[in-house]
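Notes follow the structure.
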Amino acid sequence: MFVIKSLLLQGLSRGFTIHSIQGFVSTIFLVEYPHKLLLLDSGCASDVARVKSFITERLKRPMADLRLVVVTHCHPDHQGGAHLYSKDHGIKIAAPSNINTWYDGILGVVQHRLDISLGYYVKACQRFGFLMALPLLPMLFMAAWLPYWSYYPRCLRFDHPLHDGQTLPGFDEWNVIAIPGHTSHMVSLYHKPSKTLYTSDLMVQPKPGGKFRMPLPVNFPSLMHTTLSWLQREVLVETLLLAHGGEQAVNAFPAVVSKLQGQLQNDTRSLLVSKIISLPTRETRRVNAELCGGRAWTHPR
């Protein structure tokens, strides 16, 4: 069973529908045009079947209409199913150009399995609550090394490398925005005519109607601060598409960003958890060395 909600963006001459499909861990957004489809993140490997079922059974369209799957970053609920769309259906994949540096090296291998176990842990938290699920975490980490559980490859083969400021191949009204902080390479997608921003994991809303929160982990707080400041100044947003929170109409996006910046400065518990669940991989050491060396990151635009 899957939950589907559709949002018809009004007042657009091009007219498209955004369907939200509740995946194993995250909400997956499918953008429907009259003659093509666009998937904003692949979801987990187990989500591919439900997306396929929605396209072929609910929309009555062939999988060939899905022209592009975008992967915003390498975590299992965003990249986990991408290789299956490519392998089983020949669908083109677009991803940040440097996505495969994240799990590089020996500690990158361990971080990959840790992220798999954390994906299952998030699902356990959704069912049982944080405290009840906590004892399961060591078992989930051990299970992540089993062949059946390690269900998505560490490195992604993709067709279209994405860079900040470009448009999506075949979907020129969607712009790519670099939003590092959660990882070094994460991107968001912005549809300027409708002022719609797909945030990926820039922010989350754990409870319906609740507060917007920072993601876990925030690997690079200074990069996150720069990202939030740039978005607050430069991007007009009326609709947020949250991978963890669904579709949200917002009247004051700058105020939402200000609250996130406050959390970034004051929520020491979340930052501590971020350090615990993030290993000093080759990529994180490289980025931190640049930041500690005085090389301040500024947004490319």
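The values are calculated or read from the model by the stated rules, or taken from the named source; none is laboratory data. Quick caveat, the model's predicted, so the values are computed rather than measured. A quick note on method: Cβ atoms are made from the backbone with ideal geometry, for glycine too, and the neighbour counts reach across all protein chains shown. Surface areas here come from the heavy atoms of the whole protein model, side chains and all, with no ligands, DNA or RNA. Shrake-Rupley method; radii C 1.70, N 1.55, O 1.52, S 1.80 Å.
Antiparallel versus total DSSP beta bridges in the chain: what percent is that, nearest 5?
70 percent
Tell me the mean residue ellipticity at 222 nm calculated for the chain from its helices only (DSSP H runs of n ≥ 4, each -39500 (n - 2.57), averaged over every residue, nearest 500).
Calculated at 222 nm, the ellipticity per residue is -10000 deg cm²/dmol.
Taking H as built 1.01 Å from N, whose amide H comes closer than 5 Å to the amide H of LEU168, not counting residues under 5 places away?
TRP174, VAL176
How large is ³J(HN,Hα), in whole Hz, for each residue of region 68-74 in order, when computed from phi with the Karplus curve 6.51 cos²θ - 1.76 cosθ + 1.60 and θ = phi - 60°, using x for Gly and Pro?
After applying 6.51 cos²θ - 1.76 cosθ + 1.60, I find 7, 10, 9, 10, 7, 6, 8 Hz.
Once each part is reduced to its C-alpha centroid, what is the distance from region 41-116 to region 195-270 in angstrom?
Result: 23 Å between the Cα centres.
Carbon and sulfur: what percent of region 61-107's accessible surface (1.4 Å probe)?
54 percent
From the phi angles alone, apply the Karplus equation (6.51, -1.76, 1.60; θ = phi - 60°) to region 129-141 and give each ³J(HN,Hα) in whole Hz, x where the residue is Gly or Pro.
Result, ordered by residue: x, 4, 5, 5, 7, 4, x, 7, 4, x, 5, 5, 5 Hz.
Output ³J(HN,Hα) for region 220-237: one whole-Hz value per residue in order, computed from phi by the Karplus curve 6.51 cos²θ - 1.76 cosθ + 1.60 with θ = phi - 60°, and x for Gly and Pro.
Going residue by residue, I get 9, x, 5, 5, 4, 4, 5, 4, 5, 5, 5, 4, 4, 7, 10, 10, 8, 10 Hz, with x marking Gly and Pro.
ALA289 to ASN98: extension gain in nm, 0.36 nm per residue of separation minus the Cα-Cα distance?
The ALA289-ASN98 span can extend by a further 67.0 nm.
How much accessible area per residue does the chain have, in Å², with a 1.4 Å probe?
It amounts to 46 Å² per residue over the chain.
Tell me which residues come under 5 Å, amide H to amide H, from TRP102 once H is placed; ignore anything under 5 positions away on its chain.
none
Quick one: if the Förster radius is 45 Å, what FRET efficiency do LEU134 and LEU236 give, using the C-beta to C-beta distance and rounding to 0.05?
Once the sixth-power term is evaluated, E becomes 0.65.
First check a/c for region 170-209, with a ≥ b ≥ c the square roots of the eigenvalues of its C-alpha gyration tensor; if it is under 1.5, answer rounded, and if not, answer prolate when a/b is larger than b/c or oblate otherwise.
Note, shape of region 170-209 comes out oblate.
How many lysine pairs are close in the chain, with Cα atoms under 13 Å apart and the two 8 or more places apart or on different chains?
Details: LYS36/LYS60; LYS36/LYS92; LYS52/LYS60; LYS211/LYS259.
Lysine pair count for the chain: 4.
All other residues with a Cβ under 15 Å from the Cβ of ASN251 taken together, and with Lys, Arg as +1 and Asp, Glu as -1, what is their net charge?
Once all neighbours under 15 Å are counted, the net charge is 0.
Can you give me the long-range amide H partners of ALA95? Hydrogens built in the peptide plane at 1.01 Å from N, cutoff under 5 Å, separation of 5 or more residues or another chain.
Sorted by chain and number, the residues that satisfy this are VAL71, HIS160, LEU162.
Between LYS211 and LEU272, how high is the FRET efficiency from 1/(1 + (r/R0)^6) when r is the Cβ-Cβ distance and R₀ = 22 Å? Nearest 0.05. Walk me through the numbers before you get to the answer.
Numbers: r = 19 Å, r/R0 = 0.88.
The pair LYS211/LEU272 has a calculated efficiency of 0.70.
Rounded, prolate or oblate for the chain? Axes are the square roots of the Cα gyration tensor eigenvalues, ordered a ≥ b ≥ c, and the cut-off for rounded is a/c under 1.5.
Rounded, since a/c falls under 1.5.
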